[in-house]
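Written out below as structure tokens is the structure these notes cover.
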Amino acid sequence: MLAMNKYKVLGITAVTIAATILATSCKDNKSTGWEYAPNMYEHIAYDPDQKNPNFKDGKTAQVPPAGTIPLGFTRFDYPNTKDGYLQAGLEVKNPIAQNKANFDEGKVLFEHYCSPCHGVTGQGDGLVVQHGFPAPPSYSKGQSSRGGAMKELTDGKIYHTITYGVNSMGSYASQLAPEERWKVITYVHHLQNL
């Protein structure tokens, strides 16, 4: 008798659970069921292109306050002019350590970004030149278009040129981070002595 009551209670419990699952699963066809961390896709933050009542101009995407510097950004306060180039040449020095690791990484970066025009040895005989484009001057024998021998270019002058570009060479500021530019400069100084 006791065993029969157990089976009856278990049966009623199973039917109740099944009926509850059936009733709750059919109530909303669009529902995916229980939500785990719904704020992952139903966020309360404003999208950058949405209107935002929290700001006077009503825009969510705001310009950073004047004088602020983005995290990880390195300032280079020399204008893209010949005077800025000359001033950078006098004042800017390579801040990274002159060691084998930086030299080797500078070589790899130079070969990837610079050698198509400047050539692997910096003689201005890269693949681009072989396809009919004007040759850049040789680092060891050529003359700079801004005056002076290429072999006498200082850290600041090379950094300024990589950052802003000159003549046919465009800016590499978006391709090479500041520290990578310094590593390339370490390798370029080696090419100036070839």
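Here, each number is a calculation from the coordinates, and none is a lab measurement. Fair warning: this is a prediction, and the values are worked out from it, not measured in the lab. Because the Cβ atoms are built from the backbone with ideal geometry, glycine has one as well, and the counts that use them run over all protein chains shown.
In this Cβ point-charge picture (+1 for Lys and Arg, -1 for Asp and Glu), the chain has a dipole of about 360 debye about its Cα centre. Using C-alpha pairs under 8 Å with a sequence gap of at least 6, the mean separation divided by the residue count of the chain gives a relative contact order of 18 percent. Of the candidates 49, 77, 104, which one comes out as most mobile in a Gaussian network treatment of the chain with C-alpha springs shorter than 10 Å? Top of the fluctuation ranking is 49. Which lysines have a Cα less than 25 Å from the Cα of residue 157, not counting those fewer than 8 places away in the same chain? Of all the lysines, those that pass the test against residue 157 - Cα under 25 Å, at least 8 places apart if same chain - are 82, 93, 100, 107, 141, 183. Taking other residues whose beta carbon is less than 12 angstrom from the beta carbon of residue 69, and scoring Lys, Arg as +1 and Asp, Glu as -1, yields 0. What longest range of the chain stays clear of loop-exposed GluC sites (Glu not before Pro) (DSSP non-H/G/I/E/B, at most 16 other C-beta within 10 angstrom)? Between the exposed loop sites, the longest stretch runs 43-194. Angle of helix 82-91 to the longest C-alpha principal axis of the chain, folded into 0 to 90 degrees and rounded to 10: 90°. Against the main long axis of the alpha-carbon atoms of the chain, helix 2-25 sits at an angle near 50°. Under 24 Å Cα to Cα from residue 59, which lysines show up? Leave out anything in the same chain fewer than 8 places away. Qualifying lysines at Cα under 24 Å: 51.
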